[in-house]
1. If contacts are Cα pairs under 8 angstrom and at least 6 residues apart, what is the relative contact order of the chain in percent?
2. So which residue, out of GLN35, GLN104, GLN84, gets the largest mean-square fluctuation from a GNM of the chain using Cα contacts under 10 Å as springs?
3. With 10 angstrom as the radius, rank THR25, THR55, THR43, THR102 by how many other C-beta atoms surround their C-beta, starting from the fewest.
4. In degrees, nearest 10, range 0 to 90: what is the angle between the Cα axis of helix 61-72 and the longest Cα principal axis of the chain?
5. With the dipole of region 10-84 worked out from charges on the C-beta (+1 for Lys and Arg, -1 for Asp and Glu) around the Cα centre, which of TRP15, LEU30, GLN60 lies farthest toward the positive end?
6. Counting other Cβ atoms within 10 Å of each Cβ, which chymotrypsin sites (Phe, Trp or Tyr not before Pro) in region 21-87 have at most 13 and sit in a DSSP loop?
7. Per residue of region 43-60, what does 6.51 cos²θ - 1.76 cosθ + 1.60 with θ = phi - 60° give for ³J(HN,Hα)? Whole Hz please, x for Gly and Pro, Karplus curve as stated.
8. Give me SER110, SER126 ranked fewest to most by other Cβ atoms within 10 Å of their Cβ, as a rough exposure proxy.
Amino acid sequence: MGRRGFTEAALIAEWPSVVGSMLGTATLPLRIAFQRGERAGGTLHIRVASGAMATQLQHQEPLIVQRINGYFGYGAIARLAISQGPVVRRPVRRPPAAPELTPQQELELSQRLSGIDDPDLKAVLSALGRHLAGRR
């Protein structure tokens, strides 16, 4: 990957979270081309699955460049170069289902959360408690 200009290889792994799930599944970053001796203001070469997605990517280029530069923490990318071709579909990772708790664990969890008034906080802490109790 280093030979092809992809020293920031983590971008490939994090691509769907950087550009969003819709663009992340229909596009693939190929390489970053910098001017000789530079590590900023490069061109990111992206492959898209269809012409419609290429048009959408073109319209969203400023936002995508901003997201990528935010990911790197500096102005690594100045523009996108779009080419059309086959894109390998990535499997969608789904979070594991919440584990089933015993009635005793349910009672213990509800007792621990009984003093919390905020319903949003209570729901998040309940999900966390279910996850931790299921790991035991």
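1. Relative contact order comes out at 20 percent.
2. Ranking GLN35, GLN104, GLN84 by mean-square fluctuation puts GLN104 first.
3. Taking fewest neighbouring Cβ atoms as first place, the list is THR102, THR55, THR43, THR25.
4. 70 degrees
5. Towards the positive end, the residue furthest out is LEU30.
6. Here the chymotrypsin sites (Phe, Trp or Tyr not before Pro) that fit, given the DSSP loop and packing criteria, are TYR74.
7. Per-residue couplings from phi come out as 10, 8, 8, 10, 9, 10, 7, 9, x, 4, 5, 5, 5, 5, 5, 4, 5, 9 Hz.
8. Placing the least packed residue first, the sequence is SER110, SER126.
Throughout, read-outs are computed from the coordinates displayed, never taken from laboratory work. In this text the structure is predicted, and so the values were computed from the model without any measurement. With ideal geometry, Cβ positions are generated from the backbone for all residues, glycine too; neighbour counts draw on all protein chains shown.
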